[in-house]
Amino acid sequence: MERYVLVCNIEGDALKFHEKITSEVCRKFNKKRQKLPAHFTIKAPFETDQIDDMVNVLEKFSNSKIKTSIKIQGFGKFRQDVVYMNVEVSEEAKQVHDELIDEIAQIPWIEFKKNEGKDRVFHCTILSRRIQDKFNEIWEYVNQYECEFDLYFDNLSLYIWRNNTWEIYKKFKFNEA
């Protein structure tokens with residue numbers, strides 16, 4: 001059994017900003033960074049020895065879709081556990097996401113937890129592990145930055161857990177238009 005995660009990678013200036021702010025926060029507050037690059041999660045980590053089922057669905061799906069707009073706008077938090085960049089999806093992007101969830105849900109061995117699937121908070125995590133002791137300082141620190149980017153839901157990136165980190169397994173790009 002291998003461990004995988006499915007995300008949409010955040011790219012361009014938003015990725016550069018995420019790298020910069022994440023590195024600064026981790027250094028300044030002595031916290032560990034996550035092992036995935038900037039992204040929003042589509043399917044949280046799962047284990048399987050039948051990944052071809054997922055790859056086939058993702059290939060077919062991505063070939064039939066065009067990129068849709070999303071926006072990163074400011075910061076958000078979950079309790080005092082997670083600080084993130086807000087990801088606002090357009091109606092079109094939400095529809096594509098929900099269609100993808102329907103397709104993935106047809107894979108017999110896939111299970112969605114209650115915080116996954118269609119009705120979720122789209123976000124791009126900056127920091128999430130053991131941050132309660134410095135949460136208020138971290139929250140104040142990130143909120144001094146301007147965080148606004150226009151980008152696209154234009155990829156599905158499947159990662160595999162190897163060598164104590166996430167490595168790209170396969171990336172699927174949507175059509176331009």
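The values are calculated or read from the model by the stated rules, or taken from the named source; none is laboratory data. Note that the coordinates shown come from a computational prediction; the quantities given were computed from them, not determined experimentally. Ideal geometry is used to build each Cβ from the backbone, glycine not excepted, and the neighbour counts take in all protein chains shown.
Okay, here's what the table says:
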item	result
Boolean, Glu91 is more than 17 Å from His39 (Cβ to Cβ) and at pLDDT 95 or above	yes
Residues of region 29-64 that turn out to be surrounded by fewer than 18 Cβ atoms within 10 Å (Cβ to Cβ), among the basic types (Lys, Arg) and either under 16 Å from the mean Cα position of the chain (by Cα) or modelled with pLDDT of 95 or more (or both), as a count	3
Qualifying positions in region 64-93 - in a helix (DSSP H, G or I) and out of contact with any strand residue (DSSP E or B) (no Cβ under 8 Å at 6 or more places or on another chain)	Glu91
Options Arg129, Arg120; residue that is outside any helix (DSSP H, G or I), at pLDDT below 95 and closer than 16 Å to Lys28 by Cβ	Arg129
Among residues of region 137-171, those that are surrounded by 11 or more Cβ atoms within 10 Å (Cβ to Cβ) and without any contact (Cβ under 8 Å) to a residue 12 or more places away in the chain, counted	2
Out of Gln73, Gln95, Gln106, sole residue that is farther than 18 Å from Leu6 by Cα, among the polar types (S, T, N, Q) and surrounded by fewer than 15 Cβ atoms within 10 Å (Cβ to Cβ)	Gln73
